[in-house]
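Engineer: Questions regarding the structure given below will be posed in turn.
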Amino acid sequence: MIFQGRFGLTSVAQVPGGGALSDPRSKRSLRSRPTGADLVFRNLTSATAITVLVIMLLVGGFLAFRASEALIDAKLNFLTETQWEPDSHKFGVLGILVGTVLIGLVAISFAVPLATGTALYISEYAPPRLKSTLISLVDLMAAVPSVVYGLWGFFLLQNKVVPLAQWISEHFGWLPLLGIDSDGYEKGSALTQNTVFTSSTFIAGMVVGFMVTPIMCAIMREAFSQAPIGEREGAYALGSTQWGMIRSVVLPFGKGGMIGGSMLGLGRALGETIAVYMILSVVPALQPNIFQNGGSSVSSLIALRYGEAQQFSLSALFAAGLALFLMTLAINFAASTIVARSRSGAESG
């Protein structure tokens, strides 16, 4: 039976007893009246989200206010100057930002393969009894204090890595960032290892890479584990091996999680302070050679100069902190956007 309604033609099916059953193809309104608990929960979560945004704005505003004196004095030279001499009003953030980015790139170069392999093994290969133990161990690594990583890197890892760094530099020093720019260094000499290749950007980046691996692994593991069961079974039904299924289903599905996790790990690596400060010989200038002694990062420079800084020098340090804050904020925002637009982010949301 069809009759004319307010919003057009409506189809109604007759049922025994004279009743009518609406067309199942028509859309029905699924509205529910929220209870008091629902309203409290919604208002509480909204207030929490707004509080986080307000705190971030206050942090950025505080840094900008304290850095205003130095920024007004340096003007655009703050972005192009490679030296850091606030007392002589000759300072800029370019050199230390380059060092910060180099440490982050070295860290990501080590962390991405480790995190990806660990996440794939936990989600795809590990036995069920072992999987929970591995997840707990990886999460526990994220809780280890950074000073412990710094001590381990300085007293144990550095001595093991120096010969490797020297070999790479001597054989591939013609490549950018891998050479040595030191007058006292003789190629092939073992006597200069402890003065040229120690406390370098490469070693600091390796330690930071081990620190950010658990964070990246957790994000990748969640993305891989949410790959659709139907697509997994479809790949097996077409004769695929387990590795073939991973390549055709799991990795494409978790690509957004991999990229987002890597960028979040990069943002974490850029802001690391204690481990970098303990390992790196801070040189507040442009030092592009990752294997050579000395380097710089914004966080380690602030930790080194904060205690002795006068009013203007302190304002310059706040300006450097503001630059790091904006850079990490942009990286984390880009990472969250990539994860949200990916298939894995859409499924997890």
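Engineer: Hey, could you check segment 98-146 for residues that are farther than 27 Å from F291 by Cβ and in contact with an Asp or Glu (Cβ under 9 Å, 6 or more places away or on another chain) and say which is modelled with the highest pLDDT?
Structural biologist: Within segment 98-146, the match that is modelled with the highest pLDDT is A119.
Engineer: Go through the residues of segment 280-291 one by one and say whether even a single one is in a helix (DSSP H, G or I) and under 15 Å from S199 (Cα atoms). Before you say what the answer is, go through the steps one by one.
Structural biologist: Kept after step one, since they are in a helix (DSSP H, G or I), are these residues of segment 280-291: none.
Taking every residue of segment 280-291 in turn, none turns out to be in a helix (DSSP H, G or I) and under 15 Å from S199 (Cα atoms).
Engineer: Identify all residues within segment 242-262 that are crowded, with 16+ Cβ neighbours inside 10 Å, over 20 Å from V207 (Cβ atoms) and either of a type outside the set (S, T, Y) or touching a strand residue (DSSP E or B) at 6+ places or on another chain (Cβ under 8 Å) (or both); write none if there are none.
Structural biologist: To start, the set of residues in segment 242-262 that are crowded, with 16+ Cβ neighbours inside 10 Å comprises 245-246, 248-251, 253-254, 256-262.
Filter once more, keeping what is over 20 Å from V207 (Cβ atoms): 245-246, 248-251, 253-254, 256-260.
The answer is M245, I246, V249, V250, L251, F253, G254, G256, G257, M258, I259, G260.
For (1) touching a Pro at 6+ places or on another chain (Cβ under 9 Å); (2) of a type in the set (V, I, T); (3) assigned to a helix (DSSP H, G or I); (4) under 30 Å from L164 (Cβ atoms), each residue gets a yes or a no:
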{"site": "A235", "(1), (2), (3), (4)": "no, no, yes, no"}
{"site": "S240", "(1), (2), (3), (4)": "no, no, no, no"}
{"site": "R247", "(1), (2), (3), (4)": "no, no, yes, no"}
{"site": "V250", "(1), (2), (3), (4)": "no, yes, yes, no"}
{"site": "L264", "(1), (2), (3), (4)": "no, no, yes, yes"}
{"site": "A269", "(1), (2), (3), (4)": "no, no, yes, yes"}
{"site": "S299", "(1), (2), (3), (4)": "no, no, yes, yes"}
{"site": "L304", "(1), (2), (3), (4)": "yes, no, yes, yes"}
{"site": "N332", "(1), (2), (3), (4)": "no, no, yes, no"}
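Engineer: Would you mind finding the one in A227, A316, A235 that is at pLDDT below 90, among the aliphatic types (A, V, I, L, M) and more than 26 Å from P145 (Cα to Cα)? Steps first, answer last, please.
Structural biologist: Values: A316 fails: at pLDDT below 90; A235 fails: at pLDDT below 90.
When all the criteria are applied, what remains is A227.
Engineer: Next question, about the same structure. With respect to the numbered conditions (1) in contact with an Asp or Glu (Cβ under 9 Å, 6 or more places away or on another chain); (2) at pLDDT below 90; (3) under 30 Å from T241 (Cα atoms), which one is the sole condition not fulfilled by A74?
Structural biologist: Tallying (1) in contact with an Asp or Glu (Cβ under 9 Å, 6 or more places away or on another chain); (2) at pLDDT below 90; (3) under 30 Å from T241 (Cα atoms), A74 fails exactly one: (3).
Engineer: Does S313 satisfy the condition of being assigned to a helix (DSSP H, G or I), polar (S, T, N, Q) and out of contact with any Leu (no Cβ under 7 Å at 6 or more places or on another chain)?
Structural biologist: Numbers: assigned to a helix (DSSP H, G or I): yes; polar (S, T, N, Q): yes; out of contact with any Leu (no Cβ under 7 Å at 6 or more places or on another chain): yes.
Criteria met by S313.
Engineer: If S109 satisfies every condition in (1) surrounded by 15 or more Cβ atoms within 10 Å (Cβ to Cβ); (2) of a type in the set (S, T, N, Q); (3) closer than 30 Å to I135 by Cβ; (4) within 14 Å of the chain's Cα centre (by Cα) but one, which is the exception?
Structural biologist: Failing condition for S109: (1).
Engineer: Could I ask something else about it? Taking segment 79-95 as the search range and keeping residues that are touching a helix residue (DSSP H, G or I) at 6+ places or on another chain (Cβ under 9 Å) and farther than 14 Å from F312 by Cα, which one is surrounded by the most Cβ atoms within 10 Å (Cβ to Cβ)? Give the derivation first.
Structural biologist: Keep residues of segment 79-95 that are touching a helix residue (DSSP H, G or I) at 6+ places or on another chain (Cβ under 9 Å), which gives 79-84, 86-87, 89-94.
Still in the running and farther than 14 Å from F312 by Cα: 79-83, 93-94.
On the way: L79: 12, T80: 11, E81: 17, T82: 18, Q83: 14, V93: 26, L94: 18.
Filtering first and then ranking leaves V93.
Engineer: Here's another thing I want to ask about it. Please find, within segment 80-99, the residue that is farthest from G321 (Cα to Cα) out of those that are touching a residue at least 12 places away in the same chain (Cβ under 8 Å) and not in a helix (DSSP H, G or I).
Structural biologist: Initially, segment 80-99 is screened for residues touching a residue at least 12 places away in the same chain (Cβ under 8 Å), giving 80-84, 86-87, 89, 91-99.
Within this subset, residues satisfying the condition of being not in a helix (DSSP H, G or I) are 81-84, 89, 91-93.
Values: E81: 16, T82: 16, Q83: 16, W84: 14, H89: 18, F91: 14, G92: 12, V93: 10 Å.
Going through the qualifying residues, I end up with H89.
Engineer: Here is a check on your reading of the model: is G260 in contact (Cβ under 8 Å) with a residue 40 or more places away in the chain and either in a strand (DSSP E or B) or more than 30 Å from H89 (Cβ to Cβ) (or both)? Break it down into steps so the answer makes sense when it comes.
Structural biologist: On the way: in contact (Cβ under 8 Å) with a residue 40 or more places away in the chain: yes; either in a strand (DSSP E or B) or more than 30 Å from H89 (Cβ to Cβ) (or both): yes.
So G260 fits the description; yes.
Engineer: While we're here: Restricting attention to segment 102-112, does a residue exist that is over 24 Å from M278 (Cα atoms) and either out of contact with any Lys or Arg (no Cβ under 8 Å at 6 or more places or on another chain) or not in a helix (DSSP H, G or I) (or both)? Let's see the steps before the verdict.
Structural biologist: The first filter runs over segment 102-112 and keeps only residues over 24 Å from M278 (Cα atoms), leaving none.
Looking for residues that are over 24 Å from M278 (Cα atoms) and either out of contact with any Lys or Arg (no Cβ under 8 Å at 6 or more places or on another chain) or not in a helix (DSSP H, G or I) (or both), one finds none in segment 102-112, hence no.
Engineer: Might you let me know whether segment 168-181 holds any residue that is of a type outside the set (A, V, I, L, M), assigned to a helix (DSSP H, G or I), exposed (fewer than 13 other Cβ atoms within 10 Å of the Cβ) and without any contact (Cβ under 8 Å) to a residue 60 or more places away in the chain? Before you say what the answer is, go through the steps one by one.
Structural biologist: Initial filter on segment 168-181 (of a type outside the set (A, V, I, L, M)): 169-174, 176, 179, 181.
Subsequent filtering for residues that are assigned to a helix (DSSP H, G or I) retains 169-172.
Still in the running and exposed (fewer than 13 other Cβ atoms within 10 Å of the Cβ): 171-172.
Right, trim to without any contact (Cβ under 8 Å) to a residue 60 or more places away in the chain and you get 171-172.
Yes, segment 168-181 contains a residue that is of a type outside the set (A, V, I, L, M), assigned to a helix (DSSP H, G or I), exposed (fewer than 13 other Cβ atoms within 10 Å of the Cβ) and without any contact (Cβ under 8 Å) to a residue 60 or more places away in the chain.
Engineer: Then there is this: Just checking, does segment 26-43 include any residue being among the hydrophobic types (A, V, I, L, M, F, W, C) and either modelled with pLDDT under 70 or under 30 Å from A309 (Cβ atoms) (or both)?
Structural biologist: Let us first name the residues in segment 26-43 that are among the hydrophobic types (A, V, I, L, M, F, W, C), namely 30, 37, 39-41.
The next check asks that each one be either modelled with pLDDT under 70 or under 30 Å from A309 (Cβ atoms) (or both); those that pass are 30.
Within segment 26-43, one or more residues are among the hydrophobic types (A, V, I, L, M, F, W, C) and either modelled with pLDDT under 70 or under 30 Å from A309 (Cβ atoms) (or both).
Engineer: Just to be sure I understand the filter: pairs with C-beta atoms under 9 Å, separated by 6 or more residues or on different chains, first member in segment 53-77 and under 20 Å from G95 (Cβ atoms), second member of a type in the set (S, T, N, Q) and outside any loop (DSSP other than H, G, I, E, B). Which pairs pass?
Structural biologist: A67/S315; A70/S313; A70/S315; L71/S315; D73/S315
The values are calculated or read from the model by the stated rules, or taken from the named source; none is laboratory data. Since the model is a prediction, treat every value here as computed from it, not as a measurement. Note: ideal-geometry Cβ built from the backbone for every residue, glycine included; neighbour counts use all protein chains shown.
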